[in-house]
Amino acid sequence: MLGALAFAACNDRFLEVAPEVALSEEKLFADPVRAAEFADNAYSFIPDDYLRFNGNNGLSQATDEAVGSSVNEQLLYTINKGLFLNHAEITSHTLNDIGGVYNNCYGGIRVVNKLLARHSGVPWTPAQDAQRIKGEMHYLRALFYAELVKRFGGVVIIDRDYLPTDDIDFARSPYADCVAFILSDLEQAIALLPAEYDAANYGRPTLGAARALKARVLLYDASPLNNPSGEAGRWSAAARAAKDVMDMNRYRLHERYDELLSPPGNGTIDEYILIKVRGPRTWNWIIQGIASPGSGGRQGVFNPTQNHVDRYEMANGLPITHPESGYDETEPYANRDPRFYANILYNDAPWQGRRMQLWNGGTDYIQGNSAYSVTGYYARKLWPEVYRSPGQQLAILNYVYYRYGEILLNYAEAQNEAAGPDQSVYDAVNAIRSRANMPGLPEGLTKDAMRERIHNERAVELAFEDQRWFDILRWNRGPEIVAQTVYGMDVERRADGSFAYSRRELPGQYQRVFEPHMHRYPFPRIELQKSLNLEQNPGWQ
């Protein structure tokens, strides 16, 4: 203290502060430029990168039918073993998928509510576009609540700006009320947002983004977790919402599936509805964690499983389990769905001017060494091939919020559940498959058979895009998919240079626990301790 006082006495600038420090709300919202900057702050609370939950050791490794070799790391262990309440309390990682997301969403909601409360009193100029800002706020609040609802079900609705002295110890609103609130915000966003932006504002939500979020929210609402009776009307509403995006005729499938996350040129393609634009990055944590040590990676801890690999059909459109598929266990990677080669790095795959050495003892795989893949696979989709060594500039790896391929799959799933596999369902799925140079689905599928094909199509098409885990939750299929035995692939290199392949059950620490109540996340214990009225989700008491 004496030292600080002495410093202050010697420095007459010690107490000088910048004009914006401790700026009152009245002054902030009296300045349209600062008010617009305040509104933009809401974006800092939304997810904007893959494997975001803990750098290179995130929940995504447990969700897209992949595992992390750093399985004993807290965030992975607590999710894998069903210890969701413990996961929520790991405060060293602000974006863990329970407590971190809960806090961030309500932080964003607070910014939105304050801006909306003050919006009419701001002396906006044409440079700010007041209506656009208002539309963005309604979109963002809908997005924050959509992220909460898909994890927790019904949550506390905070719909206005409260004072610090106000009592906001509210009970959870019913799930249906939360969905209605989200849809109300989205209708306002749809009415206010433009169809497109200039380059300086690319990445802000558009009319298409608001409609895409509406389609996703309604798809989740119609799904078995939230619609156990299978009410067809809810599926019809989801199908109509997806069709509204399709009928805009603004989006189309990009020609090359392997360029979806890292397209050439300016990093934007017609398939994107809303993305987080990413420029070149060096030695980024994503690449550190995904790249094989043989290619300069620190630790290739994002490892697709054999379970995921088995979902890729043969190039003739038949599952590998079909007796006429032509699948050969001695050459398991021959003649597969082209998306397999875009998504997965496997033994002897051509890569960066060489062949991946995923045989035991090869450059890219040493069994039992946690710096290497534990499954015998790496994720090509999230590893731009240009990346070769630390410090090198990387290709773009955009974070996709919505793309047209998802919309087609959303429509196909909802329409199949509402009306059965009519021609429009086939057209939507086959458009996705055609882009991948895969044959169309066989004619005459039943509703149940089409459902299984669509579920598998989503797993392949949207692989590693932060979709799979939440699909499994909304389908109520956690015990069936998450808790199934997890496999990898062992490869031995023979003296003559050929390879022997054998499926291998992964050790116990990579096997997962999932019980029915886990389809809903638990509210963090600290939130229950702060509240007299917040009720925990069933099974987590």
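Can you list the residues, at least 5 places off or on another chain, whose amide H is less than 5 Å from the amide H of Arg336, using H built in the peptide plane?
For Arg336, whose amide H was placed from the backbone, the distant partners under 5 Å are Ala315.
Where the only charges are on Cβ atoms (+1 Lys, Arg; -1 Asp, Glu), what is the dipole of region 386-491 about its Cα centre, to the nearest 20 debye?
The calculated dipole for region 386-491 is roughly 280 debye.
In degrees from 0 to 90, rounded to the nearest 10, what is the angle of the helix 423-435 Cα long axis to the longest principal axis of the chain?
The two axes meet at around 80 degrees.
Sort 458-469, 320-331, 506-517 for me by packing, meaning the mean count of neighbouring Cβ atoms within 10 Å per residue, highest on top.
The packing order, highest mean first, is 458-469, 506-517, 320-331.
Stretch His322-Asp169 to full length: gain in nm at 0.36 nm per residue minus the Cα-Cα span?
Taking 0.36 nm per residue and subtracting the Cα distance, the gain is 49.5 nm.
Between the helical axis of 404-419 and the dominant principal axis of the chain, each derived from Cα atoms, what acute angle in degrees is found, rounded to the nearest 10?
80 degrees
I'd like the Karplus ³J(HN,Hα) series for region 466-477: coefficients 6.51, -1.76, 1.60, θ = phi - 60°, whole numbers in Hz, and an x wherever there's a Gly or Pro.
Result, rounded to whole Hz: 6, 10, 4, 4, 6, 4, 4, 5, 5, 7, 6, 10.
Measure off 7 Å from each Cα along the Cα-to-Cβ vector at Glu331 and Ser434, then give the distance between these two points in nanometres to one decimal.
3.0 nm
Could you work out [θ]222 nm for the chain from helices alone, using -39500 (n - 2.57) per DSSP H run of at least four and dividing by all its residues? Round to the nearest 500 deg cm²/dmol.
Value at 222 nm, helices only: -11500 deg cm²/dmol.
Given bins 5 angstrom wide, list per bin the percent of all Cα-Cα distances in region 427-479, short to long.
Per 5 Å bin, starting at 0, the Cα pair percentages come out as 4, 18, 26, 24, 17, 10, 1.
I'd like the FRET efficiency for Trp540 and Val277, computed as 1/(1 + (r/R0)^6) with the beta carbon distance as r and R0 of 25 Å, rounded to 0.05.
0.10
Just to be sure I understand: of the beta bridges DSSP finds with both ends in the chain, what percent are antiparallel, rounded to 5?
Close to 90 percent.
Report the rotationally averaged projected area of region 301-387 based on its alpha-carbon convex hull, in square nanometres.
Values: hull surface 23.5 nm².
Directional mean of the projected Cα hull area for region 301-387 stands at 5.9 nm².
If you roll a 1.4 Å probe over the chain with all protein chains in place, what percent of the accessible area is carbon or sulfur?
Of the solvent-accessible surface of the chain, carbon and sulfur hold 51 percent.
Computed FRET efficiency, Cβ-Cβ of Asn456 and Asp129, R0 51 Å: what is it to the nearest 0.05? Could the numbers behind the result be given before it?
Values: r = 43 Å, r/R0 = 0.85.
In this case the efficiency is close to 0.70.
Can you pull the semi-axes for region 333-491, root of five times each eigenvalue of the Cα gyration tensor, sorted largest first, whole Å? Could the numbers behind the result be given before it?
On the way: eigenvalues 214, 67, 49 Å².
Semi-axes from the Cα gyration tensor: 33, 18, 16 Å.
With the other protein chains left in place, how much accessible area per residue, in square angstrom, belongs to the chain at a 1.4 angstrom probe? Numbers along the way, then the final one.
Details: 22360 Å² over 541 residues.
Accessible area per residue, the chain: 41 Å².
Ranking request for peptides 206-216, 120-130: highest mean number of other beta-carbon atoms within 10 Å first, then the rest in descending order.
Put in order of decreasing packing, that is 206-216, 120-130.
If each of Arg160 and Phe499 carries a label point 7 Å out from its Cα toward its Cβ, how far apart are those two points in nm?
About 6.4 nm separates the two model spin labels.
Per 10 Å bin, what is the whole-percent P(r) computed from every C-alpha pair distance within the chain?
3, 17, 27, 27, 16, 7, 3, 1, 0
Hey, what angle do you get for helix 232-246 against the long axis of the chain, alpha-carbon based, 0 to 90 degrees rounded to 10?
With rounding to tens, the tilt is 80 degrees.
Once the cut-off is 19 Å, how many percent of the Cα-Cα pairs in region 187-237 end up in the long-distance tail?
Details: 536 of 1275 pairs.
Result: 42 percent of Cα pairs exceed 19 Å.
Between rounded, prolate and oblate, where does region 130-279 land on the alpha carbon gyration tensor, with a ≥ b ≥ c its root eigenvalues, rounded for a/c under 1.5, else prolate if a/b exceeds b/c?
It is oblate, given that a/c is not under 1.5 and a/b is not larger than b/c.
Please give the peptides 162-174, 36-48, 141-153, 102-114 ranked by average Cβ packing (other Cβ atoms within 10 Å per residue), highest first, as a rough proxy for protection.
Highest to lowest by the protection proxy: 141-153, 102-114, 36-48, 162-174.
What residues qualify as long-range amide H neighbours of Thr305, i.e. H under 5 Å apart, gap of 5 or more or another chain, H built at 1.01 Å from N?
Ala66, Val67
The values are calculated or read from the model by the stated rules, or taken from the named source; none is laboratory data. Everything numeric in this text was worked out from a predicted model, so none of it was measured. Cβ sites come from the backbone with ideal geometry, for glycine too, and all protein chains shown count toward neighbours. Just so you know, the surface numbers come from the protein's heavy atoms only, side chains and all, with ligands and any DNA or RNA stripped out. Shrake-Rupley method; radii C 1.70, N 1.55, O 1.52, S 1.80 Å.
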